[in-house]
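Where a number appears in this text, it was derived from the coordinates with a stated rule and is not lab data. In this text the structure is predicted, and so the values were computed from the model without any measurement. Neighbour counts run over all protein chains shown; Cβ positions are idealised from the backbone, glycine included.
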Amino acid sequence: MSEVFRLKILASDKTFYDGQAISMTIPAFDGSYQIMAHHEPVVMALKEGVIRLKYEKEDGSEATITGINGLGLVNITRDMVTVLVDSIEAPEDIDRARAEKALKRAMEQLRQDQSIQEYEMSRASMARAMLRLSNSGNPNDGFGDK
């Protein structure tokens, strides 16, 4: 049995995961981090990306869950990890048509004059749409190598 830690991944509209985990990989602004049991306590910002967590099933085998996340933060304490993100979804739940429309909309917004805040929001929307498309499972979309 592997060492585990308590993990909660919360989005603004749902609880994505609440249980024990063996490890978790998160996308931070200065690179990817892997978190395991007894990780040093820290709070850090998350960028749009892919969160992968490994957990142990009841039969003792290991399984992985993947989530495409928006901006957020992670709080790591001695025995608990809490991830708060504005959005997260499993690759199989991605609506490709909606993601393609969001990408086109964000690209159009980036072409327009905007305040710095509006520009950053448009950039984040575009990054999120591209991540959703690259992780939706279609090998011919031109974004990813899945």
Task: Between helix 96-111 and the chain: long-axis angle, C-alpha atoms, 0 to 90°, nearest 10 - done: 60
Open item on the list: Please list, in order along segment 44-59, the HN-Hα scalar couplings obtained from phi with the Karplus expression 6.51 cos²θ - 1.76 cosθ + 1.60 (θ = phi - 60°), rounded to whole Hz, x for Gly and Pro.
Closed with: 9, 7, 10, 9, 4, x, 10, 9, 10, 10, 10, 9, 9, 7, 4, 7
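Can you compute the equivalent ellipsoid semi-axes for segment 5-91, i.e. the square root of 5 times each eigenvalue of the Cα gyration tensor, sorted largest first and rounded to whole Å? Walk me through the intermediate numbers first.
Numbers: eigenvalues 68, 47, 27 Å².
In descending order the semi-axes read 18, 15, 12 Å.
Eigenvalues of the Cα gyration tensor times 5, then square-rooted: what semi-axes does that give for segment 95-134, in whole angstrom, largest first? Please report the intermediate quantities before stating the final value.
Details: eigenvalues 74, 18, 6 Å².
Taking √(5λ) for each Cα gyration eigenvalue gives 19, 10, 6 Å.
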Task: Cα→Cβ-extended label distance, 7 Å offset, between E58 and D30, nm - done: 4.3
Open item on the list: Cβ neighbours within 10 Å, averaged per peptide: list 67-78, 116-127, 84-95 in order, most packed at the top.
Closed with: 67-78, 84-95, 116-127
TODO: Quick one: angle between helix 116-134 and the longest Cα principal axis of the chain, in degrees between 0 and 90, rounded to 10, please.
DONE: 70
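Report, as a whole number in µm² per second, the diffusion coefficient that Stokes-Einstein gives for the chain at 4 °C and 1.567 mPa s using the Kirkwood radius over alpha carbon pairs. Write out the running numbers ahead of the final one.
On the way: Rh = 16.2 Å.
Estimated via Stokes-Einstein, D reaches 80 µm²/s.
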